[in-house]
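J.: Quick one: the structure is below, and I'll ask about it shortly.
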Amino acid sequence: MKKLGFVLFMLALALMLGGNALAQNVGDNSVYFVSYYSNANTTGAPDAVVRAINDGDQATSAIEGVENGPLWAAFYIFDDSEELQSCCACLVTSDGIVSESVNKQLTSNEITARAERTRGVIKVVSSSTNDPTNPIAAPGLRVWGTHIQATTNLPTQKGPFFVTETEFADANLGKVELGNLALSCSYGLTLGSGYGLCPCTPEDHDF
């Protein structure tokens with residue numbers, strides 16, 4: 001009986017250790033993230049910020065000082081009429097962070113060159129290329145964003161405003177969606193004649 005108890009104990013221990021080892025080796029291979037922006041370019045409202053970090057998933061055994069595991073956050077900014085207004089791909093090196101202002105960058109150079117948008121959708125692809133018209137999905141980025149919430153929505157008064165922050169939703173990226181994003185960005189940048197390409201903040205200028 002004692003031997004049986006010992007065997008059962010060892011079996012349980014092996015299963016526990018094996019389960020933990022398995023859990024440690026299972027990662028989140030997300031490549032596509034979505035969220036929204038609200039009250040952008042609104043008088044009295046603070047600016048919202050999108051931040052992306054590179055978790056090092058693409059890192060290699062390259063020697064120190066050699067660029068290692070870079071990814072690009074391919075941004076696609078839509079207005080509330082579901083029209084793409086800007087796109088860009090911002091470099092995020094391994095263990096690095098990039099911050100993008102919604103007012104001053106993501107919605108500052110829109111394709112239509114009309115009044116700046118106040119609300120819409122932000123989509124981000126974790127890409128191994130620096131070309132938003134040809135993103136190649138590769139896991140490794142994680143994305144967060146602040147949201148500007150208005151306490152009132154009267155025509156003459158929207159404030160005061162509050163800032164919340166959430167992680168971008170992990171979304172499914174199909175071939176059709178990836179192709180649509182790339183094509184819309186390509187057409188938009190071509191037809192925009194200089195408009196539609198959002199600027200990127202250098203990594204060491206986080207805010």
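Computed from the coordinates by the stated procedures, all read-outs in this text should not be read as laboratory data. Fair warning: this is a prediction, and the values are worked out from it, not measured in the lab. Here Cβ is always computed from backbone atoms with ideal geometry, including for glycine, and neighbour counts include all displayed protein chains.
J.: Karplus couplings for the stretch 134-141 from phi (6.51 cos²θ - 1.76 cosθ + 1.60, θ = phi - 60°), rounded to Hz, Gly and Pro as x?
T.: 8, x, 10, 4, 8, x, x, 9
J.: Using amide H atoms built 1.01 Å from N in the peptide plane, name the residues 5+ places from A171, or on other chains, whose amide H lies under 5 Å from its own.
T.: Here Y32, F33, V34 satisfy the definition.
J.: What share of Cα pairs, in percent, lie more than 28 angstrom apart in the stretch 28-192?
T.: Here the tail beyond 28 Å accounts for 23 percent of pairs.
J.: While we're on this one: Can you give the FRET efficiency for F162 and E83, using 1/(1 + (r/R0)^6), R0 = 35 Å, r = Cβ-Cβ distance, to the nearest 0.05?
T.: Between F162 and E83 the formula returns 0.80.
J.: Please compute the modelled spin-label separation between A171 and A59, points set 7 Å along Cα→Cβ, answer in nm with one decimal.
T.: So the two model labels end up 2.9 nm from each other.
J.: Long-range amide H contacts for A138: which residues qualify at under 5 Å (H placed 1.01 Å from N, peptide plane, sequence gap of 5 or more or a different chain)?
T.: S126, S127, S128
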